[in-house]
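The values are calculated or read from the model by the stated rules, or taken from the named source; none is laboratory data. Keep in mind it's a predicted model, so treat the numbers as computed, not measured. Every residue, glycine among them, receives a Cβ derived from its backbone with ideal geometry; neighbour counts consider all protein chains shown. To get the accessible areas, we keep the full protein, side chains included, count just its heavy atoms, and leave off ligands, DNA and RNA. Shrake-Rupley method; radii C 1.70, N 1.55, O 1.52, S 1.80 Å.
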Amino acid sequence: MTLVTAFASAFLAVAGLAACSSADNPPAPGTVQVQQPTTPDYRIGPLDTIQIYVWQSPEFSVTVPVRPDGRISTPLIEDLEATGKTPTQLARDIEEKLKVYVQDPLVTVIVSGFAGPFDQQVRVVGEAIQPRAIPYRANMTMLDVMIEVGGLTEFASGNRAVLARGGGASSDKTTFNVRLDDLLRDGDIRANVPVLPGDVIIIPQSWF
């Protein structure tokens, strides 16, 4: 049993135990009020790739990944916290660090590879072609998610898929049934429900 399969099986077991707090279907697209952040600025997450440009100081201009611990290392700057900051905030922090070595540094930070903070991701596990975590985008729907992961495998039981939403622990999440076979194979647009940041979508294998 693979790690992904084991995780999916465990999550489905929790979903069954939480039936009293579950609904047969997720909310209709028009009924979900997505809470937009107070600022539209993107916030950097672990595994993002960022480009740092220091004006007139090419020796300090680099492209670096954000480590899993949320920090970055650049020339003359070690272990600077990046996660949760906007590119502008991180640029100002880098300027403060560089003032020791550069007179009036001017820094620009550009995010070139997006992963996003964990609480702003949508995770897909189980029988997707490419199960993974996806950065949430405003007004994202189930169809958008399925396109990102390449659709369902031939062994997927799409209409038994589960969407888990809210809460920090698995036992605190509310679970919904999602009809991925109806959406992808039958073209039933009513199954194209909205997703929210932090959602987890579990796609089980079909029963033979």
Meets criteria (under 17 Å from the mean Cα position of the chain (by Cα) and of a type outside the set (V, I, T)) for A191: no
So is D104 among the charged types (D, E, K, R), touching a helix residue (DSSP H, G or I) at 6+ places or on another chain (Cβ under 9 Å) and exposed (fewer than 13 other Cβ atoms within 10 Å of the Cβ) or not? yes
Residue that is farthest from E154 (Cα to Cα) [pool: residues in segment 89-143 that are of a type in the set (G, A, S) and at pLDDT 90 or above]: A91
Every residue in segment 55-104 that is farther than 18 Å from Y42 by Cα, charged (D, E, K, R) and touching a residue at least 12 places away in the same chain (Cβ under 8 Å), please. E59, D69, E95, K97
Hey, any hits in segment 61-68 for a residue that's polar (S, T, N, Q) and part of a helix (DSSP H, G or I)? no
Return the pair list, or none, for Cβ contacts closer than 7 Å from residues in segment 138-167 that are closer than 30 Å to D41 by Cβ to residues that are open to solvent by 50 Å² or more (accessible area, probe 1.4 Å) and among the basic types (K, R), at least 6 apart or on different chains. V149/R132
From the set of residues in segment 129-168 that are more than 16 Å from the chain's Cα centre (by Cα) and assigned to a strand (DSSP E or B), which is surrounded by the most Cβ atoms within 10 Å (Cβ to Cβ)? A161
Exactly one of (1) out of contact with any Pro (no Cβ under 8 Å at 6 or more places or on another chain); (2) open to solvent by 80 Å² or more (accessible area, probe 1.4 Å); (3) modelled with pLDDT of 90 or more; (4) not aliphatic (A, V, I, L, M) is unmet by Q35. Its number? (3)
